[in-house]
Amino acid sequence: CIQNMTFTIYDRWGEKVFETTDQKICWDGTYKGNSDSYRGMNTAVFVYFLEATLTSGEKINKKGNISLLR
């Protein structure tokens, strides 16, 4: 189980578009939660980083790509 975590998403220019430390909150494809901003978040590829600590004390670092399709 995850004790704590930070999940961050960046656009291709390196601007942070989403971040959460709550496992129950997911990214809905909007820019900082505002669906009217950032050109409607057109189809694009984004980079994510997940840093987590498990209840066992093990640390996990993951990164990858997310393709947003509209």
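In this structure, Ile9 does not satisfy being modelled with pLDDT of 95 or more, over 10 Å from the mean Cα position of the chain (by Cα) and surrounded by 11 or more Cβ atoms within 10 Å (Cβ to Cβ). Whenever a residue of region 27-47 is in a strand (DSSP E or B) and modelled with pLDDT of 85 or more, its partners that are surrounded by fewer than 10 Cβ atoms within 10 Å (Cβ to Cβ) and small (Gly, Ala, Ser), lying with C-beta atoms within less than 6 angstrom and at least six residues away or across chains, give the pairs Val45/Ser67.
The values are calculated or read from the model by the stated rules, or taken from the named source; none is laboratory data. Just so we're clear, the structure is a prediction, and the values are computed from it rather than from any experiment. Cβ sites come from the backbone with ideal geometry, for glycine too, and all protein chains shown count toward neighbours.
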